[in-house]
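All remarks here apply to the structure that follows.
The values are calculated or read from the model by the stated rules, or taken from the named source; none is laboratory data. Since this is a predicted model, take the numbers as computed values, not measurements. When we count neighbours, we look across all protein chains shown, and the Cβ atoms used for this are built from the backbone with ideal geometry, even at glycine. In case anyone asks, the SASA skips ligands and DNA or RNA and just uses the protein heavy atoms, side chains included. Shrake-Rupley method; radii C 1.70, N 1.55, O 1.52, S 1.80 Å.
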Amino acid sequence: MGGPPEGVGDQSPRLETPAAVLWDMDGTLVDTEPYWIETEYALAERYGGTWSEAHALNLVGNDLLDSGRYIREHMGIDLEPEQIVQELLDGVVGRVEQEVPWRPGAVELLTGLVASGTPCALVTMSYERFVAPILARLPAETFRVIVTGDKVEFGKPHPEPYLTAAAALGVRPEDCLAVEDSNTGAKSAEAAGCLVLVVENHVPVLVGERRVFADTLEGIDLAAVWREGPSTDHRDERRGS
């Protein structure tokens, strides 16, 4: 009523709830960024390079091969980006196999979405062999679609990962809610057309026209996030049980 006809422009009737929820992994579902950073420092020590916290934080959310190129240049080590990525994965996978550091409220929210029948996809720039031990801790079929960094041509911040996930689920990206923790990931999801719920973790995230902010996933009301849409801020709210 009163809106443009369906299919005209890019504005068709808005769904009452998201058709799917698309999850980032590192820093959003699990807090593995400290594992990556520790492994980066170990790599620098092993090959006589130099590293810093600032450089490490510049890599949050990035495609792994892009990170490998960055590390080669800024760490000052004579390894190919592909080898850097594999050595990083060796270290981080070993840590994850010992303990998965879930983000507060993430598993509970994910479990609730699955129970309600809301399709979920995992959209991560990590490689499949790193994702596997984390998925092993969740019920089978928790994610209907899994998009990893080694399965796309262009990683985040390019929109391809989120476009790929939405297409595999058979839904429009505009009808999806993405959950992210980084500028790189938020830019990818936003460019794909998703509404983005941002829960900052290790790095601050810029305000964007399709971004909604919250302090935590604990007790978050995704229906309210979706209903209120962009330019709302759910930080510092007191939530009841």
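Within the range 12-47, what residues put their amide N at less than 11 Å from the label point 7 Å along the Cα-to-Cβ vector of Trp102? So the set is 30.
Ellipsoid semi-axes for the range 56-194, based on the Cα gyration tensor and the rule √(5λ), read 26, 19, 12 Å when sorted largest first.
Full extension of the segment from Ser52 to Arg14, taken as 0.36 nm per residue of separation minus the current Cα-Cα distance, would add 9.2 nm. Prolate is the label for the range 129-241, because a/c, from the alpha-carbon gyration tensor with a ≥ b ≥ c as root eigenvalues, is 1.5 or above and a/b exceeds b/c. With all protein chains in place and a 1.4 Å probe, the accessible surface of the range 182-221 carries 48 percent carbon and sulfur.
Within the full protein context, the accessible area of Thr142 is estimated at about 20 Å² for a probe radius of 1.4 Å.
Ignoring ligands, DNA and RNA, what percent of the accessible area of the range 1-139 is carbon or sulfur (1.4 Å)?
On the way: 3430 of 6720 Å².
Using a 1.4 Å probe with all protein chains present, the range 1-139 comes out at 51 percent carbon and sulfur.
Taking the helices alone, the chain has a mean residue ellipticity at 222 nm of -11500 deg cm²/dmol, built from -39,500 (n - 2.57) per DSSP H run of at least 4 residues and averaged over all its residues. Compared with the dominant Cα axis of the chain, that is its longest principal axis, helix 183-192 is turned about 40°. According to the calculation over all Cα-Cα pairs in the range 168-214, the P(r) per 10 Å bin from zero is 32, 53, 14, 1 %. Over the C-alpha trace of the chain, radius of gyration and Dmax come out as 18.2, 65 angstrom. Roughly what angle does helix 160-169 make with the longest principal axis of the chain, taking Cα atoms, 0 to 90 degrees, to the nearest 10? Once rounded, the angle reads 50 degrees.
A cut-off of 5 Å between modelled amide H atoms, ignoring neighbours fewer than 5 places along the same chain, links His234 with Phe213, Ala214.
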